[in-house]
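Step one of this worksheet: look at the structure below.
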Amino acid sequence: MKVALLQLNMTVGDISGNSAKIISAVKQASADKVDLCISSELALLGYPPRDLLFNQAFIAQAQAALKDIAEQLKDAPALLLGTAELVLKPDCKPLYNSAVLIQKGKVEQSFHKTLLPTYDVFDEERYFEPALDPGVFELAGVKIGVTICEDVWNDIDFATSRRYKTDPLQLLAQKNVQCIINLSASPFSLGKQKLREKLLSNIAKKYQVNLVYVNQVGGNDDLVFDGRSCVFDKQGYLIAKAKAFAEHIIICDLSADLAKLKTHECLPEAEAYKALVLGTHDYVEKCGFKKVVLGLSGGIDSALTAVIAVEALGADNVLGVLMPSPYSSKGSIDDSLKLAENLGIKTITIAIKDIMQAYDTGLKQAFAGFKPGLAEENIQARIRGNILMGLSNKYGAMLLTTGNKSELAVGYCTIYGDMSGGFAVISDVPKTLVYAIAKYINKIKENMIIPQVILEKAPSAELRPNQLDQDSLPEYEVLDAILFRCIEQHKSVQEIIADGFNSEEVAKVLNLVYKSEFKRKQAAPGVKITDRAFGIGWRMPIAYKRNF
């Protein structure tokens, strides 16, 4: 049996556009005389559709689209397509997360997802009814079992902590299937592909089946999908693999003796860079924008954000804005201009000294008797935020914020100031990884893109004379190590101290994390690249008492 894996970039809600893309891909694959084309999970709707699933007109449009796809592909190979289907029985959730088999101009069979995740960014029990038993069909003399994404992530020999009592793979094995297909929409996170390939290889070898895994690619809101669809033979060897972070249709003859491929090998900073570029490109374009604007401070964060923006959208579509204050060093201005020259982007310089003085005059009476401090520093950041938002409105360009995960975690950012914007590109990138990605970029480019002086200078917000980040924060290597244990490993103060960290620093950092939750709730979305980001999967309360 010859299969085509349709790794496509779907747009949530764009049923007509997604339909056209699917039809085109199937027709393209039919030239290779394939027996079966396979899409990713919920490909017709785009993943994740979230509360669009409550809209009855949206579901009706999807149902109508299925009929149109079947009609247009009546002379094409069979298609296994991810969609949502109505549950036609009482006392159930209204929908199934489904895969439908389209053949000879009609929908011949439907298969439904068994395991519905509710952790991290997932909330599928909110919408879907689980299947009690995974489905099977026969094609070209092969008995095929159908699974959808999470259905393969509960293998008893692989999962260290099983989330579900049911294992769809065991149920399919009892039906003596020869091939297992998995339609997936598995979001990217650092290191996940290596785990995926190990899991899928283990399943294929354990059950002595071909395993075909088709993943979505592209960015939708804060999630980015890396694709890397793949096929494993019955011995668990990787025999076909699609590109990473790009659309790709791959053809694989399951009956052929195919060469074994290398499993996943990629530097974390290389993966992160590709994910950030794709996530930024798709968020900006799928939101209807073509151009972006961002502030250039002369620091590493704005430099990396600018590089990502140029890679994602092209230099002509990126505007850098310099907003020097009396506390800005000449080096920061020069470094920003050199970066812009290297990238080929236009810049605007708007000095904020006079605006700061106007605020000082206007607030003089109200601030009488108080020493200058954080309020005045934040006003500078908010002046810059207002200028950037004004330029965004005037030019019709999305404003990109430039703050990193370390800063967002401890609240080292100004709400309505440097947090203003439509997309927070590196908000899930710890400061230490910011430097690693920047160094990687300079290594792979012919000419140094980020000036070396930016990589070497001590980080500073430059909101007061001689200010440095480390005046109020631990060194970033220490800070990020503490934050990783707090955010991704869910460790308490005592557990982190037991790992060898200074007790006062740990207490201070975790206190800053919990006090800053109100800021994160109002932050722009950004690309999720770690296991736990400050996005839809971060569900912490704002007002609560912490005694642990």
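Of these, Glu377, Glu407, which one is within 25 Å of the chain's Cα centre (by Cα), of a type outside the set (Lys, Arg) and part of a helix (DSSP H, G or I)?
On the way: Glu377 fails: within 25 Å of the chain's Cα centre (by Cα).
Just a single option satisfies the conditions, and that option is Glu407.
Identify, from the list Ser325, Ser297, the residue that is farther than 23 Å from Gln452 by Cβ and buried (at least 16 other Cβ atoms within 10 Å of the Cβ). Full working, then the answer.
Numbers: Ser297 fails: farther than 23 Å from Gln452 by Cβ.
Selected residue: Ser325, the only one of Ser325, Ser297 that is farther than 23 Å from Gln452 by Cβ and buried (at least 16 other Cβ atoms within 10 Å of the Cβ).
Kindly list the number of the only condition in (1) under 29 Å from Pro187 (Cα atoms); (2) part of a helix (DSSP H, G or I); (3) touching a strand residue (DSSP E or B) at 6+ places or on another chain (Cβ under 9 Å) that fails for Ser336.
Result: Ser336 passes all but (1).
Looking at the stretch 251-292 only, could you name the residues that are in a helix (DSSP H, G or I) and not aliphatic (A, V, I, L, M)?
Taking the stretch 251-292 as the starting set, the residues that turn out to be in a helix (DSSP H, G or I) are 268-286.
If the condition is that a residue be in a helix (DSSP H, G or I) and not aliphatic (A, V, I, L, M), then Pro268, Glu269, Glu271, Tyr273, Lys274, Gly279, Thr280, His281, Asp282, Tyr283, Glu285, Lys286 are the ones that fit.
This table checks each residue for (1) crowded, with 16+ Cβ neighbours inside 10 Å; (2) charged (D, E, K, R); (3) in contact with a Gly (Cβ under 6 Å, 6 or more places away or on another chain); (4) free of Cβ contacts under 8 Å to residues at least 12 places away in the same chain.
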site: Asp32; (1), (2), (3), (4): no, yes, no, no
site: Leu42; (1), (2), (3), (4): yes, no, yes, no
site: Pro48; (1), (2), (3), (4): yes, no, no, no
site: Ile59; (1), (2), (3), (4): yes, no, no, no
site: Ala70; (1), (2), (3), (4): yes, no, yes, no
site: Leu73; (1), (2), (3), (4): yes, no, no, no
site: Leu79; (1), (2), (3), (4): yes, no, no, no
site: Cys92; (1), (2), (3), (4): no, no, no, no
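Is there any pair with a first residue in the stretch 445-458 that is over 8 Å from Ala303 (Cβ atoms) and a second that is among the β-branched types (Val, Ile, Thr) and not in a loop (DSSP other than H, G, I, E, B) whose Cβ atoms are under 7 Å apart and which are 6 or more apart or on different chains, and what are they?
Ile449/Val307; Ile449/Ile441; Leu455/Ile300
From the list Lys104, Lys143, exactly one residue is surrounded by fewer than 20 Cβ atoms within 10 Å (Cβ to Cβ) and at pLDDT below 95. Which is it? Walk me through it before giving the result.
On the way: Lys143 fails: at pLDDT below 95.
Exactly one of Lys104, Lys143 is surrounded by fewer than 20 Cβ atoms within 10 Å (Cβ to Cβ) and at pLDDT below 95, namely Lys104.
Could you check how many residues of the stretch 384-409 are out of contact with any strand residue (DSSP E or B) (no Cβ under 9 Å at 6 or more places or on another chain) and aromatic (Phe, Trp, Tyr)?
Matching residues across the stretch 384-409 total 0.
Yes or no: Lys74 more than 24 Å from the chain's Cα centre (by Cα), more than 26 Å from Asp282 (Cα to Cα) and part of a helix (DSSP H, G or I)?
No: the conditions fail for Lys74.
The rows are residues; the columns are (1) surrounded by fewer than 19 Cβ atoms within 10 Å (Cβ to Cβ); (2) at pLDDT below 95; (3) assigned by TED's automatic domain parsing to the domain that holds Val224.
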| position | (1), (2), (3) |
| --- | --- |
| Ala358 | yes, no, no |
| Lys371 | yes, yes, no |
| Asn378 | yes, yes, no |
| Gly390 | yes, no, no |
| Lys394 | yes, no, no |
| Leu400 | no, no, no |
| Tyr412 | no, yes, no |
| Pro430 | no, no, no |
| Leu455 | yes, yes, no |
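What's the total number of residues in the stretch 293-323 that are assigned to a helix (DSSP H, G or I) and either within 19 Å of the chain's Cα centre (by Cα) or of a type in the set (Gly, Ala, Ser) (or both)? Spell out the reasoning first.
Within the stretch 293-323, the first condition is being assigned to a helix (DSSP H, G or I), and the residues that meet it are 300-313, 315-317.
Next cut, either within 19 Å of the chain's Cα centre (by Cα) or of a type in the set (Gly, Ala, Ser) (or both) only: 301-313, 315.
So the count comes out to 14.
Scan the stretch 193-246 residue by residue and report those that are more than 24 Å from Ala533 (Cα to Cα), outside any strand (DSSP E or B) and of a type in the set (A, V, I, L, M, F, W, C).
Leu200, Ile203, Ala204, Val209, Ala242, listed by residue number.
Just the residues that are touching a Gly at 6+ places or on another chain (Cβ under 9 Å) and more than 12 Å from Asp151 (Cβ to Cβ), please, taken from the stretch 102-135. Step through it out loud before you land on a result.
Applying the first criterion (touching a Gly at 6+ places or on another chain (Cβ under 9 Å)) to the stretch 102-135 yields 109-112, 119-122, 134-135.
Residues satisfying the conditions are Gln109, Ser110, Tyr119, Asp120, Val121, Phe122.
Is it true that some residue in the stretch 8-22 is in the same structural domain as Tyr213 (by TED's automatic domain parsing), surrounded by fewer than 16 Cβ atoms within 10 Å (Cβ to Cβ) and touching a strand residue (DSSP E or B) at 6+ places or on another chain (Cβ under 7 Å)?
So the first thing to find is which residues in the stretch 8-22 are in the same structural domain as Tyr213 (by TED's automatic domain parsing), and the list is 8-22.
Remaining after also requiring surrounded by fewer than 16 Cβ atoms within 10 Å (Cβ to Cβ): 14, 16-17, 20.
From what is left, the residues that are touching a strand residue (DSSP E or B) at 6+ places or on another chain (Cβ under 7 Å) are none.
Within the stretch 8-22 (the criterion being in the same structural domain as Tyr213 (by TED's automatic domain parsing), surrounded by fewer than 16 Cβ atoms within 10 Å (Cβ to Cβ) and touching a strand residue (DSSP E or B) at 6+ places or on another chain (Cβ under 7 Å)), the answer is no, since none of the residues qualifies.
Here are some conditions: (1) over 30 Å from Ala275 (Cβ atoms); (2) touching a residue at least 40 places away in the same chain (Cβ under 8 Å); (3) not small (Gly, Ala, Ser). Glu504 meets all but one. Which one does it not meet?
(2)
Being crowded, with 23+ Cβ neighbours inside 10 Å and of a type in the set (Phe, Trp, Tyr) is the filter here; which residues of the stretch 214-244 pass it?
Phe225, Phe232
Could you check, for the stretch 11-23, whether at least one of its residues is of a type in the set (A, V, I, L, M) and touching a Pro at 6+ places or on another chain (Cβ under 9 Å)?
Within the stretch 11-23, the first condition is being of a type in the set (A, V, I, L, M), and the residues that meet it are 12, 15, 20, 22-23.
Subsequent filtering for residues that are touching a Pro at 6+ places or on another chain (Cβ under 9 Å) retains 12.
Yes - at least one qualifying residue is present in the stretch 11-23.
Given the conditions (1) under 25 Å from Ile300 (Cα atoms); (2) modelled with pLDDT of 90 or more; (3) loosely packed, with under 14 Cβ neighbours inside 10 Å, report the number of the one that Gly500 does not fulfil.
It is condition (1) that Gly500 fails.
Out of the stretch 517-546, which residues are hydroxyl-bearing (Ser, Thr, Tyr) and either touching a helix residue (DSSP H, G or I) at 6+ places or on another chain (Cβ under 6 Å) or more than 23 Å from Thr401 (Cα to Cα) (or both)?
First, pick out the residues of the stretch 517-546 that are hydroxyl-bearing (Ser, Thr, Tyr): 530, 544.
The one that is hydroxyl-bearing (Ser, Thr, Tyr) and either touching a helix residue (DSSP H, G or I) at 6+ places or on another chain (Cβ under 6 Å) or more than 23 Å from Thr401 (Cα to Cα) (or both): Tyr544.
Which residue is surrounded by the fewest Cβ atoms within 10 Å (Cβ to Cβ), if the candidates are limited to the stretch 245-267 and must be charged (D, E, K, R) and under 22 Å from the mean Cα position of the chain (by Cα)? Step through it out loud before you land on a result.
Pass one, the stretch 245-267, residues charged (D, E, K, R): 247, 253, 257, 260, 262, 265.
Those still in the list that are under 22 Å from the mean Cα position of the chain (by Cα) too: 247, 265.
Details: Glu247: 15, Glu265: 7.
Here the answer is Glu265.
Identify all residues within the stretch 345-374 that are in a helix (DSSP H, G or I) and of a type in the set (A, V, I, L, M); write none if there are none.
Residues satisfying the conditions are Ile355, Met356, Ala358, Leu363, Leu374.
Among residues belonging to the stretch 1-35 that are among the hydrophobic types (A, V, I, L, M, F, W, C), under 22 Å from the mean Cα position of the chain (by Cα) and part of a loop (DSSP other than H, G, I, E, B), point out the one that is farthest from Pro48 (Cα to Cα).
Leu8
Any idea which of (1) small (Gly, Ala, Ser); (2) under 18 Å from Ala240 (Cα atoms); (3) touching a Phe, Trp or Tyr at 6+ places or on another chain (Cβ under 8 Å) is the one Gly13 doesn't satisfy?
(2) is the only condition that Gly13 fails.
The values are calculated or read from the model by the stated rules, or taken from the named source; none is laboratory data. Because the structure is a prediction, the values reported are computed rather than measured. FYI the Cβ positions are ideal-geometry reconstructions off the backbone, even for glycines, and counts take in every protein chain you see.
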